[in-house]
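J.: Provided herewith is a single structure, encoded as structure tokens, for subsequent inquiry.
Quick note: the coordinates plus some simple rules give every number you see, no bench work behind them. Computed from a predicted structure; not experimentally measured. A quick note on method: Cβ atoms are made from the backbone with ideal geometry, for glycine too, and the neighbour counts reach across all protein chains shown.
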Amino acid sequence: MEQTIIKVGGMSCQGCVKNVTGVLQALPGVAAVDVSLEAGEARVRHDPAQSDVAALKAAIEDAGFDAT
Ligand SMILES: [Cu+2]
């Protein structure tokens, strides 16, 4: 397991937080997701062999947010 912190742009409310949390939790190998609206970031515990950082970012961007 690896802990990755991704900056997420475009979140404006708890609904956005739920959306980002949901798309990340749906990925294979993701064990825990903590999204902070205040910090504008997502902390993800994941197995990089199943979902690497690029896959996490792609899922966030597919949901309509910016991921860096
Ligand atoms: Cu929102």
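J.: Please work out which one of (1) free of Cβ contacts under 8 Å to residues at least 40 places away in the same chain; (2) assigned to a loop (DSSP other than H, G, I, E, B); (3) within 12 Å of the ligand (Cβ to nearest atom) is the condition Gln50 fails and give its number.
T.: Evaluating Gln50 over (1) free of Cβ contacts under 8 Å to residues at least 40 places away in the same chain; (2) assigned to a loop (DSSP other than H, G, I, E, B); (3) within 12 Å of the ligand (Cβ to nearest atom) leaves (3) as the failure.
J.: Still on this structure, I have one more. If you go through the stretch 34-68 one residue at a time, how many are among the aromatic types (Phe, Trp, Tyr) and within 10 Å of Ile6 (Cα to Cα)?
T.: Count: 0.
J.: Within the stretch 1-24, restricting attention to residues that are touching a helix residue (DSSP H, G or I) at 6+ places or on another chain (Cβ under 8 Å) and assigned to a strand (DSSP E or B), which residue is farthest from the ligand (Cβ to nearest atom)?
T.: Looking at residues that are touching a helix residue (DSSP H, G or I) at 6+ places or on another chain (Cβ under 8 Å) and assigned to a strand (DSSP E or B), I get Thr4.
J.: Then there's this: Do we find that Ala31 is within 13 Å of Gln3 (Cα to Cα), within 15 Å of the ligand (Cβ to nearest atom) and among the aliphatic types (A, V, I, L, M) in this structure?
T.: Spelling it out, it is not the case that Ala31 is within 13 Å of Gln3 (Cα to Cα), within 15 Å of the ligand (Cβ to nearest atom) and among the aliphatic types (A, V, I, L, M).
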